[in-house]
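As structure tokens, the structure follows; a few thoughts come after it.
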Amino acid sequence: MDTKFKMAVTKNNISEFLPEVAEQYPDRTALVCVKRRGNKSEYPSITFRQLNTLSDSFACEIRRNGVRKGMKVLLMLRPGFDFIAATFAVFKTGAIPVLIDPGMGIRNLLGCVRKTAPDAMLAIPKAHWIALLFPGTFNNIKMKLSTGGGITPPGVKRLHTDANDAKSAEIEKTSPDEMAAIVFTTGSTGAPKGVIYTHKIYVTQLQIIKEEYGAGPSETDMPAFPLFALFSAALGMKSVIPDFNPSRPAEADPAQIVRIIEDNNVTFSFASPTLWRNVSDYCIRNGIRLKTLRKALMAGAPVPALVHANMKKIMPDGGETIVPYGATECLPIANFTGSEMLAETAADTENGKGYCVGRPIKGITIKVISPSDSEVEKWNDNLILADGKIGEIAVSGPVVTPEYYNEPEHTKNAKIADPSGFVWHRIGDTGYFDEKGRLWFTGRKTHRISTKNGILYPVRCEAIFNRHPDVLRSALVGAGGKGMQTPVLIVEPRRGKMPRNISERKNFIADLERLAGTSPLTIGINKFLFHPSFPVDIRHNAKIFREKLAIWAAGKI
């Protein structure tokens with residue numbers, strides 16, 4: 001680690017870190033934005049000085065066009081230099097970036113815009129043309145600003161920015177608890193919700209990324225989620241942004257990802273477990289080792305032991321896979337390594353004990369409480385369950401977001417006020433603590449199946465069936481009303497293993513029935529369906545949309 005770099009944790013605004021990094025490492029590469037040209041990749045880049053200057057240029061331009069502290073700015077830019085520079089710029093002005101994943105679909109996206117009613121929109125021309133089709137949704141936007149190529153609609157002001165223009169921008173003073181950004185959830189468990197981030201949360205996350213994961217100037221990052229390059233830049237870490245749709249990581253070409261890692265000596269990367277599964281499979285088939293990749297982070301859904309094992313086969317000796325646990329509303333809150341999983345918990349996971357997600361990060365408090373579908377107004381220690389008991393996971397600490405934007409009912413149902421002044425977030429997951437103080441995940445609270453014989457936790461049950469060599473993954477859903485639900489196991493077979501006729505189907509089901517009889521967790525599960533490709537979330541392409549599968553299954557049984 002480069003000991004010269006000292007992160008000033010007294011800062012209140014994440015944008016304050018960029019000028020400091022630019023001063024210390026002016027000529028180091030900050031960002032590389034990969035461009036594909038047929039089977040080849042090009043690597044245009046900018047330095048930290050240029051990134052800071054481009055950010056200053058954006059900040060001066062948007063201020064000149066009326067953006068002020070406290071205004072909401074909808075950002076709709078493609079991953080690249082402008083996106084990272086513009087995001088830093090909005091923070092510099094004290095305005096509030098509104099960040100919506102475009103992969104969530106036009107209906108959800110429009111709903112997010114209506115909920116936030118942005119004051120300004122900084123977007124590529126294409127996004128402004130689309131906005132014209134929905135005037136009612138975008139009618140609150142007074143400042144329409146654009147960057148990038150293409151013809152802009154009437155009334156849209158094109159910004160003139162330059163990575164080499166030396167004009168600096170003053171950074172607006174902000175307090176730690178002021179709203180810094182509105183970041184939308186993917187909507188994988190309901191309509192997307194705008195999560196309010198404060199400046200203190202961003203600075204705390206930066207400190208955690210540095211201390212927990214060793215991120216810093218000596219590393220080279222490949223962030224599969226482009227916004228994470230913001231943290232890398234603030235830490236003085238070079239980022240290589242891959243050229244694929246970040247909302248479709250499962251469709252990324254593993255050969256291209258391997259080429260990017262090798263050509264740029266990537267040492268550190270946070271990506272979907274689905275992407276790492278595809279990359280590791282490709283490398284093993286082709287006898288490739290990623291000699292520089294020392295840390296591979298993955299999150300968004302339970303990560304099977306096979307993904308950890310395969311990744312460690314292709315990483316250098318001492319390389320590690322890491323699973324940060326949390327949610328958009330509180331991230332990260334716990335850590336677990338592939339080494340510990342493979343050595344200590346993988347067998348328990350296969351036997352239905354859930355997925356271990358590790359120990360709480362320093363400064364984070366996690367408790368397992370009695371599950372409830374109702375609002376909990378005030379925290380009470382009597383809510384806490386004993387170790388080993390499955391309940392609802394609640395968390396408090398400096399990365400816990402205070403509320404949802406313009407969603408008072410969701411805030412009431414997700415947050416618990418603590419008499420000491422803290423806020424607890426009900427993460428929506430179920431789990432328990434083991435005797436070593438490690439947290440185990442047993443599934444989403446809303447995915448529990450309430451049968452006449454008791455509660456079934458899908459993640460625990462699915463692990464029993466996932467042991468079948470022809471099962472890629474499975475999803476247990478409930479049919480019928482609460483208390484009398486019928487469990488239905490839906491299987492996505494591995495490629496080439498989908499039953500082709502009645503005989504193959506009967507044989508596959510017979511195998512599943514035998515597995516069901518091997519564990520008390522799965523006795524009584526006797527309805528099986530096969531699905532060619534599970535619907536999954538847009539951010540990670542790994543979290544299964546069980547709600548959609550339940551509707552599909554209801555029409556099949």
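Kindly check whether there is at least one residue in the stretch 16-37 that is of a type in the set (D, E, K, R), assigned to a loop (DSSP other than H, G, I, E, B) and surrounded by fewer than 18 Cβ atoms within 10 Å (Cβ to Cβ). Within the stretch 16-37 (the criterion being of a type in the set (D, E, K, R), assigned to a loop (DSSP other than H, G, I, E, B) and surrounded by fewer than 18 Cβ atoms within 10 Å (Cβ to Cβ)), the answer is yes, since at least one residue qualifies.
Within the stretch 189-206, being under 17 Å from residue 99 (Cα atoms) and either of a type in the set (A, V, I, L, M, F, W, C) or modelled with pLDDT under 95 (or both) holds for 191, 192, 195, 196, 201.
Please enumerate the residues belonging to the stretch 540-557 that are over 25 Å from residue 249 (Cα atoms), in contact (Cβ under 8 Å) with a residue 60 or more places away in the chain and assigned to a helix (DSSP H, G or I). Listed by number, the residues that qualify are 553, 554.
Take the conditions (1) assigned to a loop (DSSP other than H, G, I, E, B); (2) surrounded by 22 or more Cβ atoms within 10 Å (Cβ to Cβ); residue 325 misses just one of them, which is (1).
Quick check on residue 17: is it under 27 Å from residue 140 (Cα atoms) and out of contact with any strand residue (DSSP E or B) (no Cβ under 6 Å at 6 or more places or on another chain)?
Judged against the criteria, residue 17 is not a match.
Here the strands (runs of 3 or more DSSP E) wholly within the stretch 118-198 that include at least 2 residues being β-branched (Val, Ile, Thr) are 179-184, 194-198. With respect to residue 128, is the statement that it is modelled with pLDDT of 95 or more and either assigned by TED's automatic domain parsing to the domain that holds residue 406 or of a type outside the set (Val, Ile, Thr) (or both) true? The answer is yes for residue 128.
Does any residue of the stretch 533-551 turn out to be loosely packed, with under 14 Cβ neighbours inside 10 Å, more than 32 Å from the chain's Cα centre (by Cα) and of a type in the set (Gly, Ala, Ser)? No, because not a single residue in the stretch 533-551 is loosely packed, with under 14 Cβ neighbours inside 10 Å, more than 32 Å from the chain's Cα centre (by Cα) and of a type in the set (Gly, Ala, Ser).
Starting from residues that are among the hydroxyl-bearing types (Ser, Thr, Tyr) and at pLDDT below 95, keep the ones in the stretch 414-455 and report whichever is nearest to residue 375 (Cα to Cα).
Restricting to residues being among the hydroxyl-bearing types (Ser, Thr, Tyr) and at pLDDT below 95, the top hit is 446.
Residue-wise test of (1) assigned by TED's automatic domain parsing to the domain that holds residue 298; (2) surrounded by fewer than 22 Cβ atoms within 10 Å (Cβ to Cβ).
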| residue | (1), (2) |
| --- | --- |
| 229 | no, no |
| 242 | no, no |
| 256 | yes, yes |
| 274 | yes, no |
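Among all positions in the stretch 229-241, there is no residue which is of a type in the set (Phe, Trp, Tyr) and over 20 Å from residue 19 (Cα atoms).
The values are calculated or read from the model by the stated rules, or taken from the named source; none is laboratory data. This is a predicted model, so every value here is computed, not measured. When we count neighbours, we look across all protein chains shown, and the Cβ atoms used for this are built from the backbone with ideal geometry, even at glycine.
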